[in-house]
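A.B. asks: Mind having a look at this structure? Questions to follow.
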Amino acid sequence: MRAALKGDQKAYRLLLTNLRLWLAAYFTKRVHYNAVEDLVQDTLLTLHAKRQTFDPHYSFGPWIAAVARHRWIDHLRATLKYVETQLDDNFLYQETERDACAKHDVKALLKLIPPPQAKVIELVKLRELSIEEVSKQTGHSPSSVKVMVHRGMKKMMAAVEEVQDDL
Amino acid sequence: MKVSRMTDQLIKHLVSDLKSLEPLINSKLWMHCTVCLLIMAGIVLAMMGLRADYPTAIQDGAMLWKPGIFLLAWIGSMLLILDLSRPIERIEKWHFVPLFLAGTILLWQMIVQLPYLFSSDATLSLDDPNAIYCLSVIIGGGGIAMAMSWKFWFSRTASPNPTTLGALAGFSVGCLAATGYALHCDKDGILYLFIYYGTPILILSVIGSLLSKRLLKW
């Protein structure tokens, strides 16, 4: 990276090629496999655009890990927004690739919120039960189910900022 | 396989786009902002002059503690800005020391001035017609310093917390301008300080934090 900052294209190509494998492994552990390549590309673009923030006095590993983590958190944030606004029981019959990715990420994030809210979100957003069905199953009123989903999603959004790498 | 090829192409494109680039260097920001501070103080002194009562102000310490509060706050905010400018957050505890000292001096002055805090003299000073200069110099001077340092530093950062960084940018340039203006201003009341110095600094901090939402995202 130090050589790349000086404009050494050969060193930069070697760095990006090796980094690509590391990033793919990093994201494979954290997101649905369909989203991995997009995140790898996003991270490479970010590395390129923000390479001046790398301090040559420090090692490169923690810096690129921080960049990758930032991209991952951004992805989680976008996923949660998507799940909250788009993914509901009207979309039951046409599950897209994005829905599958989103569900995969939300499943991992459910452990960040209290179990009752996590259960309701799992039933509504992941198993795609209707509000009435969830209401019957959990004993909460339909409006209370809606409120729990909304609050749970908000809590997850806030928790995303604090997520640890071992999620 | 198709997606993989896209990453190959992306790498090829990024490599061909590579140019030599100077990394962010902390000492350069210090130099840039110190020059801004000197220019600011120079303009204030050249156009408005040193405060008229400076012999008394030197004796009672106002010449020291008033610019000192803003100078320490500026140094503290600069240290935190440097901690937050790169993807890895490295906030060192001792970087809060200048801010703590500035707060301590402010508190000390509040205690010293407590008996006169709500006296007629103190409230009369709030009606000072020159207060508009205080507001406009801090907002105007701070705004110019912010625009310059934004281009020079902030737009090149990648902060883990862009909103805080933006707010600190506004706070820092506000304190910088206030340090310069405090050399001229002869109003030492703590109420005056809170209203006519605090408000523009707060405004600049809010502007910085709002700008960061659009301009410091990465």
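Since every read-out is calculated from the coordinates, none of them should be taken as a lab result. Worth saying up front: this structure is predicted, and the values here are computed from it rather than measured. Note that we place each Cβ from the backbone using ideal geometry, even for glycine, and neighbour counts take in every protein chain shown.
A.B. asks: Contour minus end-to-end for residue A:65 and residue A:52, with contour as 0.36 nm per residue of separation and end-to-end as the Cα-Cα distance?
C.D. replies: Net length gain for the segment: 3.1 nm.
A.B. asks: Which of rounded, prolate or oblate describes the protein assembly as shown when judged by the alpha-carbon gyration tensor and an a/c cut-off of 1.5?
C.D. replies: oblate
A.B. asks: A further question on this structure: How do B:56, A:79 line up, fewest other C-beta atoms within 10 Å first?
C.D. replies: Result, fewest neighbours first: B:56, A:79.
A.B. asks: How many angstrom lie between the Cα centre of the range A:60-75 and the Cα centre of the range A:13-49?
C.D. replies: Between the Cα centres of the range A:60-75 and the range A:13-49 lies a distance of 10 Å.
A.B. asks: What whole-number distance in Å separates the alpha-carbon centres of the range B:91-146 and the range B:169-218?
C.D. replies: Taking the Cα centre of the range B:169-218 as reference, the centre of the range B:91-146 is 10 Å away.
A.B. asks: Next question, about the same structure. Check every DSSP H run in chain B and write down those whose alpha carbon atoms cover 15 angstrom or more along the long axis and whose mean Kyte-Doolittle hydropathy is 0.0 or greater.
C.D. replies: Span-like helices here: B:26-47, B:62-84, B:97-113, B:131-152, B:162-182, B:199-215.
A.B. asks: Right, something else. Among B:58, B:139, B:105, which one shows the highest mean-square fluctuation when chain B is modelled as a Gaussian network with alpha-carbon springs under 10 Å?
C.D. replies: Its mean-square fluctuation being the largest, the pick is B:58.
A.B. asks: Just to confirm the number: angle between the C-alpha axis of helix A:33-49 and the first principal axis of chain A, 0 to 90 degrees, nearest 10?
C.D. replies: Between helix and principal axis, roughly 40 degrees.
A.B. asks: Let me ask another. Counting only trypsin sites (Lys or Arg not before Pro) that are in a DSSP loop and have at most 14 other C-beta atoms within 10 Å, tell me the longest site-free stretch of chain B.
C.D. replies: Formally, the longest exposed-site-free interval is B:91-216.
A.B. asks: Rounded, prolate or oblate: which fits the range A:2-160 when a ≥ b ≥ c are the square roots of the eigenvalues of the alpha-carbon gyration tensor, with rounded for a/c under 1.5 and prolate only if a/b beats b/c?
C.D. replies: Because a/c hits 1.5 or more and a/b exceeds b/c, the range A:2-160 counts as prolate.
A.B. asks: Considering every residue in A:49-60, what mean count of other chain Cβ atoms within 10 Å of its Cβ is obtained?
C.D. replies: 5
A.B. asks: Based on the Cα coordinates of the range B:115-185, what is the per residue volume of their convex hull in Å³?
C.D. replies: Expressed per residue, the convex hull around the Cα atoms of the range B:115-185 is 111 Å³.
A.B. asks: Is the C-alpha gyration tensor of the range B:28-94 telling us rounded, prolate or oblate? Criteria: a/c under 1.5 is rounded; beyond that, a/b larger than b/c is prolate, otherwise oblate.
C.D. replies: Because a/c hits 1.5 or more and a/b fails to exceed b/c, the range B:28-94 counts as oblate.
A.B. asks: Turning to a different aspect of this structure: Find how much the distance from residue B:152 to residue B:94 grows on full extension, using 0.36 nm per residue of separation minus their present alpha carbon separation; answer in nm with one decimal.
C.D. replies: 18.3 nm
A.B. asks: Under a straight-distance cross-link criterion of Cα-Cα below 23 Å, which lysines are reachable from residue A:119, leaving out those fewer than 8 residues away in the same chain?
C.D. replies: Qualifying lysines at Cα under 23 Å: A:81, A:103, A:107, A:111, A:136, A:146, A:154, A:155.
A.B. asks: I would also like to ask the following. Within the range B:177-195, name every residue whose backbone N is under 17 Å away from a label modeled 7 Å from Cα of residue B:123 along the Cβ vector.
C.D. replies: What the label zone holds, given the 17 Å backbone N cut-off, is B:189-193, B:195.
A.B. asks: Excluding residues fewer than 8 places away in the same chain, name every one of the aspartates and glutamates whose C-alpha is closer than 19 Å to that of residue B:28.
C.D. replies: In chain and number order, the partners are A:55, B:83.
A.B. asks: Compute the distance in nm between two label points, each set 7 Å from the Cα along the Cα-to-Cβ direction, one at residue B:6 and one at residue B:131.
C.D. replies: Here the answer is 5.9 nm between the modelled labels.
A.B. asks: For helix A:142-160, report the angle its Cα long axis makes with the longest principal axis of the Cα atoms of chain A; keep it between 0 and 90° and round to the nearest 10°.
C.D. replies: Relative to chain A, helix A:142-160 is tipped by roughly 10 degrees.
A.B. asks: Ok, one more. So what is the calculated 222 nm ellipticity per residue for the protein assembly as shown, using -39500 (n - 2.57) for each DSSP H run with n of 4 or more, over all residues, to the nearest 500 deg cm²/dmol?
C.D. replies: -22500 deg cm²/dmol
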